[in-house]
Amino acid sequence: MSSILKRIVAPVALAACLGMAGNANAGVLEFQGVTFTTSFMANVLRLEIDAANPTGDWSTATTLGMLGIKDVGSFSSVSLTAAPPGGLSWTINNNELSANGCVNGANPMKICAFGSHLALTDDMVFEFTFTGGTQDFTSPHLKVGMYEGDSPDKVGSLMSLNVPAIPEPETYGMLLAGLALVGALARKRAS
């Protein structure tokens, strides 16, 4: 391999591997017996909620009535393209989810979805499709409004946490391969 080619290949390989290491496509958060799993592909953010057995101050909750998402980059619009039964009729606006609902702090980079209360179960899947802007779904910030049936009063905490990203095993493999290539080229150069 020529000296010029080595100088180009090594940094490109390292940059590609390091870039991929930061692009995990899944995250998991557990809070009061409920598991939130996010994944994404292109401009679609998928949120699965496993909530059949909430605990803590959500232990009496039987329904979900509000869902807030922020820290997802920029976008010009968003639509709910998959949801549990009854969820596709939910309204989406650009307000911050608070104890009063989706009514405060309008911001074009936040979404708040709400509507008729949905029964808490496992495998509740929501998909949000974003258009325009530049999305970053690696660690979205979630808030949720839990209820007892159709009561207008929320049960317990809104939560308010980022879903931490979990790198896939392939990401680690590519990172290690890139580092091995850089190490091999460095050893060859030293000899």
For labels at Thr81 and Thr134 in the simple 7 Å Cα→Cβ model, what's the distance in nm?
2.2 nm
Could you give the nm distance between label points at Ser89 and Glu30, where each point is 7 Å from its Cα heading toward the beta carbon?
3.6 nm
Order of Val125, Val78 from fewest to most other C-beta atoms within 10 Å?
Val125, Val78
Mean projection of the alpha-carbon convex hull of segment 55-117 over all orientations, in nm²?
5.1 nm²
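Only the coordinates and a few stated rules stand behind these numbers; no lab work does. This structure is a prediction, so every number in the text was calculated from the model and none was measured. Don't worry about glycine lacking a Cβ; one is built from the backbone with ideal geometry, like all the others, and counts go over all protein chains shown.
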